[in-house]
Amino acid sequence: MGTVRGLGLEEISGVVASDRHDVLWVHEDSGADPLVHAITPGGRPVATIALAGAKHVDWEDIALAGGNLWIGDIGDNASIRVTGIQVYWLPEPDPRSGTADANVLSLTYEDGPHDTEALVVDARHETLYVITKELSLTRGFVYRAPIDGLRDGDVRELTRVGTVPLGIVTAADLAEDGVVVKSYGKARLFPWTDDRTVEGAIRINGCPVPLGGGESVAYRAADDRYYAIPEGGDPPVWVTAPG
């Protein structure tokens, strides 16, 4: 376990592991600037990248798929973002680059706005998923949008395709063995079915995964480990082996 020091980050809400560089990409929650930060798996700062063309309303999760970073500006505590939410996407930058240009995808729900903190992107099936954060329920709703042929400025619709048995969902990622979904106090791994789709995985009840606190989770293939980083100054980096 390491500690994220030297960046002055107070509320990390998203983390994803790079498969090209030996870094984790992280970002802060609402109220921050449109920045992504590269840190070592142990928490040491590597670089900060400013995303030109991006706005930061309420960034909640980050994914890496198809060689692109996907940053979910998807939080909506009061469920008032009636004109939609945004996901910013860009080719994964070199951590030494300093700045990068971001494209924007706008998303609307088929049934009105929701508060959402979990984002996964499946490059193989050209689909994007979000999972809602339901404070009063014991399940989160899973929505899907197509990302095939995506261009900057596109608008796509999110369609409900299932549920997960966790209410206050705060993060998700695609792992070697399935889809890992995290709430504040619990996490579950939903194993892949033969079709290796998110919809297939979430039909299975899944199994508990012992992760640390906080809003974020990432699977890192290089060491077959889960990484979770809680909020607060100089937060720890929790590392857990699957199974």
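Cβ-Cβ under 7 Å, sequence separation 6+ or interchain: first residue in the stretch 183-211 and over 27 Å from residue 237 (Cα atoms), partner hydrophobic (A, V, I, L, M, F, W, C) and assigned to a helix (DSSP H, G or I). Which pairs? As it stands, the answer is 193/201, since those pairs meet every condition given. Within the stretch 190-213, the residues that satisfy the criterion of being among the small types (Gly, Ala, Ser) and more than 23 Å from residue 143 (Cβ to Cβ) are 212, 213.
Can you tell me how many residues in the stretch 85-102 are in contact with a Leu (Cβ under 8 Å, 6 or more places away or on another chain) and surrounded by 17 or more Cβ atoms within 10 Å (Cβ to Cβ)? Qualifying residue count for the region: 10.
Scanning the stretch 1-39 for residues that are hydrophobic (A, V, I, L, M, F, W, C), more than 22 Å from residue 224 (Cβ to Cβ) and either surrounded by fewer than 21 Cβ atoms within 10 Å (Cβ to Cβ) or under 15 Å from the mean Cα position of the chain (by Cα) (or both) gives 7, 12, 32, 35, 36.
Can you find a residue in the stretch 152-165 that is modelled with pLDDT of 95 or more and among the basic types (Lys, Arg)? There is at least one residue in the stretch 152-165 that is modelled with pLDDT of 95 or more and among the basic types (Lys, Arg).
Applying the set (1) modelled with pLDDT under 95; (2) of a type in the set (Asp, Glu); (3) closer than 20 Å to residue 156 by Cβ to residue 29 leaves exactly one unmet item: (3). Which members of the stretch 2-50 meet the condition of being free of Cβ contacts under 8 Å to residues at least 40 places away in the same chain, assigned to a loop (DSSP other than H, G, I, E, B) and either touching a Cys at 6+ places or on another chain (Cβ under 8 Å) or not charged (D, E, K, R) (or both)? 6, 31, 32, 40, listed by residue number.
Kindly indicate which of 53, 66, 42 is on the phi > 0 side of the Ramachandran plot and surrounded by fewer than 15 Cβ atoms within 10 Å (Cβ to Cβ).
53
Considering only residues in the stretch 114-141 that are surrounded by 21 or more Cβ atoms within 10 Å (Cβ to Cβ) and polar (S, T, N, Q), the one that is farthest from residue 91 (Cα to Cα) turns out to be 132.
Does residue 54 satisfy being out of contact with any Cys (no Cβ under 7 Å at 6 or more places or on another chain), assigned to a strand (DSSP E or B) and without any contact (Cβ under 8 Å) to a residue 60 or more places away in the chain? Walk me through it before giving the result.
Values: out of contact with any Cys (no Cβ under 7 Å at 6 or more places or on another chain): yes; assigned to a strand (DSSP E or B): no; without any contact (Cβ under 8 Å) to a residue 60 or more places away in the chain: yes.
No: the conditions fail for residue 54.
Reported count of residues in the stretch 115-129, each being touching a Phe, Trp or Tyr at 6+ places or on another chain (Cβ under 8 Å) and either more than 18 Å from residue 56 (Cα to Cα) or at pLDDT below 95 (or both), is 5. Cβ separations smaller than 7 Å between residues 6+ apart or across chains give the following pairs from the stretch 81-96 residues that are more than 24 Å from residue 108 (Cα to Cα) to residues that are in a loop (DSSP other than H, G, I, E, B) and of a type outside the set (D, E, K, R): 92/18; 92/67; 95/21; 95/23.
Pairs meeting the criteria (first residue in the stretch 143-159 and touching a residue at least 24 places away in the same chain (Cβ under 8 Å) and surrounded by 14 or more Cβ atoms within 10 Å (Cβ to Cβ), second residue of a type in the set (Lys, Arg) and part of a strand (DSSP E or B), beta carbons under 9 Å, at least 6 apart or on different chains) are 143/160; 144/160; 145/156; 147/156; 150/156; 158/144.
The values are calculated or read from the model by the stated rules, or taken from the named source; none is laboratory data. Being a predicted model, the structure only gives us computed values, none of them experimental. All Cβ positions, glycine included, derive from the backbone under ideal geometry; neighbour counts span all protein chains shown.
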